[in-house]
Amino acid sequence: MRIAVLTSGGDAPGMNAAIRAVVRYCGYQDIEVFGINRGYRGLVEDDFIMLSKRSVSGIVQRGGTMLMTARCPEFTDYNVRKKAAENLSLRKIDGLVVIGGDGSFRGMNELYQDFGVKTVGIPGTIDNDLAYTDYTLGFDTAVNTVVENVNKLRDTMSSHERVVVVQVMGRRCGDIALYAGIASGAEIILIPEHKTDYDQVVSVLSRGKKAGKQSAIIMLAEGVGNVDDVINELKQRSPEMHFRSCVLGHIQRGGTPSQADRTLAARFGARAVELLNEGKGGRVVGIRDNKIIDMGVDEALSQPSNFDEKLFELARILSL
Ligand code: ADP
Ligand code: F6P
């Protein structure tokens, strides 16, 4: 048997650990494995490299992805995907592991539906925006990076009695803001899952100030809007407060993966190879209640939101 692996969409810490797990588990099961550079772009352009157990030495601790990643908008075109399927067939590749987010899973599913390419997806995105799985690869590391940086912000904001609005990533999902917010004791968490009430935000800030708080952290998920617009809304309502902003940006996507992400990568990688070895395709792996699961792509992508409302409420209670 012969399979290939690629990383697609935004990179995430733990992608390298997942590549390593796929390659080494293939070695364990006597499966030949190729890497594809730059996601679907490399698949279409036939940019394959042979991988051995030694090719993935020393990458478990590295952020980013050794196979590089790319966005390939042309992949939505049937004829472009046909070329990709032909490239796999010419190389006699029986299965494809795709490490990426929901967009990458859609592309992978179309390869399976239209051309019968056996595909298995590993959720790799810092956003944690795939409802079928409790966690995606890279989320834990990104949250830890945010917390580490917010600790520093807290020092300087407390010294100057300021309020900082920290904009974090997550696209349309508030999970990074929620988990980083609760772990860093943010006074306010603004997420796209809840409509923002600026009067309420200002009232919480004033209450905190009266109660003796020296600073406040507002954790803002990028899906809510721009940090400058948020600060303008707050300044209009509370001109006497001193606001500062911080956009953490791509810092959140880099860095050595946490233990949790490395372990998850190992478990996802092994299961993905097992599924291909069982002749399955059009599936994604995930984790629920600390058990590795797999599911059809359509079902996985149509799960209702798993946003943790209870945790959001707890963060609010504990911040007062
Ligand atoms: P992510 O996988 O992190 O969600 P994107 O949404 O940017 O990232 O998707 C990554 C790549 O997956 C895209 O650049 C494109 O090549 C492919 N893709 C996304 N959506 C589709 C789709 N509906 N059909 C085919 N390919 C898609
Ligand atoms: O999906 C991962 C992510 O980092 C999002 O959180 C963010 O909105 C987006 O990618 C940024 O994309 P780019 O790297 O293209 O600026």
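Tabulated data
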read-out	value
Considering residues of the range 265-320 that are modelled with pLDDT under 95 and farther than 18 Å from Asp102 by Cβ only, the residue surrounded by the most Cβ atoms within 10 Å (Cβ to Cβ)	Ser319
Filter result (part of a helix (DSSP H, G or I) and open to solvent by less than 40 Å² (accessible area, probe 1.4 Å)) within the range 175-197	Asp175, Ile176, Ala177, Leu178, Ala180, Gly181
Gly185 being on the phi > 0 side of the Ramachandran plot and modelled with pLDDT of 95 or more	yes
Inter-residue pairs, beta-carbon under 8 Å, first surrounded by 23 or more Cβ atoms within 10 Å (Cβ to Cβ) and in the range 39-54, second assigned to a loop (DSSP other than H, G, I, E, B) and charged (D, E, K, R), 6+ apart	Gly39/Arg71
Condition met for Thr119 (under 20 Å from Ile36 (Cβ atoms), polar (S, T, N, Q) and either free of Cβ contacts under 8 Å to residues at least 24 places away in the same chain or assigned by TED's automatic domain parsing to the domain that holds Ile19 (or both))	yes
Elements of type helices (runs of 4 or more DSSP H) in the range 66-174, at least 1 residues being touching a Gly at 6+ places or on another chain (Cβ under 9 Å), surrounded by fewer than 24 Cβ atoms within 10 Å (Cβ to Cβ) and among the basic types (Lys, Arg)	78-90, 139-160
In the range 18-28, the residues that are surrounded by fewer than 24 Cβ atoms within 10 Å (Cβ to Cβ) and in contact with a helix residue (DSSP H, G or I) (Cβ under 6 Å, 6 or more places away or on another chain)	Arg24, Tyr25, Gly27
Sole exception among (1) of a type in the set (A, V, I, L, M, F, W, C); (2) in contact (Cβ under 8 Å) with a residue 40 or more places away in the chain; (3) not in a strand (DSSP E or B) for Leu220, by number	(3)
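Yes/no matrix, rows are residues, columns are (1) touching a Phe, Trp or Tyr at 6+ places or on another chain (Cβ under 7 Å); (2) within 16 Å of ligand 1 (Cβ to nearest atom):
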{"position": "Asp228", "(1), (2)": "no, no"}
{"position": "Gly269", "(1), (2)": "yes, no"}
{"position": "Leu276", "(1), (2)": "no, no"}
{"position": "Lys291", "(1), (2)": "no, no"}
{"position": "Ala300", "(1), (2)": "yes, yes"}
{"position": "Ser319", "(1), (2)": "no, no"}
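A quick yes/no check of all residues on (1) out of contact with any Cys (no Cβ under 8 Å at 6 or more places or on another chain); (2) more than 16 Å from ligand 2 (Cβ to nearest atom):
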residue: Cys26; (1), (2): yes, yes
residue: Gln29; (1), (2): yes, yes
residue: Tyr40; (1), (2): no, no
residue: Glu45; (1), (2): yes, yes
residue: Cys72; (1), (2): yes, no
residue: Lys92; (1), (2): yes, yes
residue: Gly101; (1), (2): yes, no
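The values are calculated or read from the model by the stated rules, or taken from the named source; none is laboratory data. Quick caveat, the model's predicted, so the values are computed rather than measured. Neighbour counts run over all protein chains shown; Cβ positions are idealised from the backbone, glycine included. Please note that ligands, DNA and RNA were not included when accessible areas were found on the heavy atoms of the full protein model with its side chains. Shrake-Rupley method; radii C 1.70, N 1.55, O 1.52, S 1.80 Å.
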